[in-house]
Amino acid sequence: MDVATAKPTPEERRRVPHHMLDVADPTERYDAARYQREARAVLADLERRRVRAIVVGGTGLYVRALLDGLDLGAVPRDPAVRAQLEREAESLGADALHARLAALDPAAAASVDARNVRRVIRYLEVATLAGGVSAFWSRGPAIPATKIGLRPPRDVLAARIEGRVRDMVARGVLEETARLLASGVELTLPSMSGHGYPHWVRHLRGEIDLETAIALTVRDTRAYSKRQMTWFRRDEAIRWCDPTVADPLEDVA
């Protein structure tokens with residue numbers, strides 16, 4: 001999944017050591033709790049070697065799990081409840097489950113896209129068992145960090161998103177998707193739910209043309225960027241910077 005995830009190139013990885021890449025197979029189910037354990041181990045190792053780490057990413061729950069130390073182990077689970085919710089998602093649709101989550105925990109519903117069925121089901125499972133999700137976003141030992149947020153003008157961001165999607169096509173995202181399908185990676189897996197894969201698959205199957213697949217991927221990415229901003233605006237520790245007029249690295253000392 002190198003192209004669709006915008007993984008750093010081999011040249012970039014030679015110039016700067018990168019961590020937490022190539023840690024899971026596309027068929028594995030990877031969650032925030034596993035990321036928290038593995039990424040914190042990396043940060044601890046770098047700290048022992050007195051190496052400053054730069055954490056780069058945009059998935060708010062994962063960033064918060066890493067730096068703020070959410071107690072993910074305390075979040076309740078019930079396989080029977082989850083199985084029932086999965087059946088309801090198939091029969092009623094994801095929007096109905098998202099509406100139910102909004103009634104139980106509006107903050108949790110606002111942080112997740114209704115189309116992210118797996119996350120909606122997980123949040124609704126917790127909300128059903130405990131009456132809400134937000135109560136379990138408690139803080140454990142935090143990792144001190146200087147937080148820099150990039151906030152370019154909307155028109156610049158929109159152009160960059162479309163340019164990135166078209167660059168993915170030029171770099172071979174369709175061939176990458178075809179290889180994944182040929183290797184047995186199913187579209188129902190969580191790894192195939194994002195990064196435009198559903199639309200590339202539909203194009204490969206002849207259901208939509210390439211321009212439509214590009215437009216849908218651009219649409220989804222722009223919607224995701226809006227949810228990112230909604231999440232990160234709540235963090236008062238973030239120093240916001242417009243990278244089109246200032247160098248954000250000047251804030252890092």
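Quick note: the coordinates plus some simple rules give every number you see, no bench work behind them. Predicted, not measured: the structure shown is a model, and the values here were computed from it. Neighbour counts run over all protein chains shown; Cβ positions are idealised from the backbone, glycine included.
Worth pointing out:
- Region 168-222 and region 28-42 have Cα centres lying 25 Å from one another.
- Shape call, region 116-253: gyration tensor on alpha carbons, a/c limit 1.5: oblate
- Burial order of peptide ranges 181-194, 114-127 (average beta-carbon count within 10 Å, highest first): 114-127, 181-194
- Cα-based shape type of the chain, given that a ≥ b ≥ c are square roots of the gyration tensor eigenvalues and the cut on a/c is 1.5: rounded
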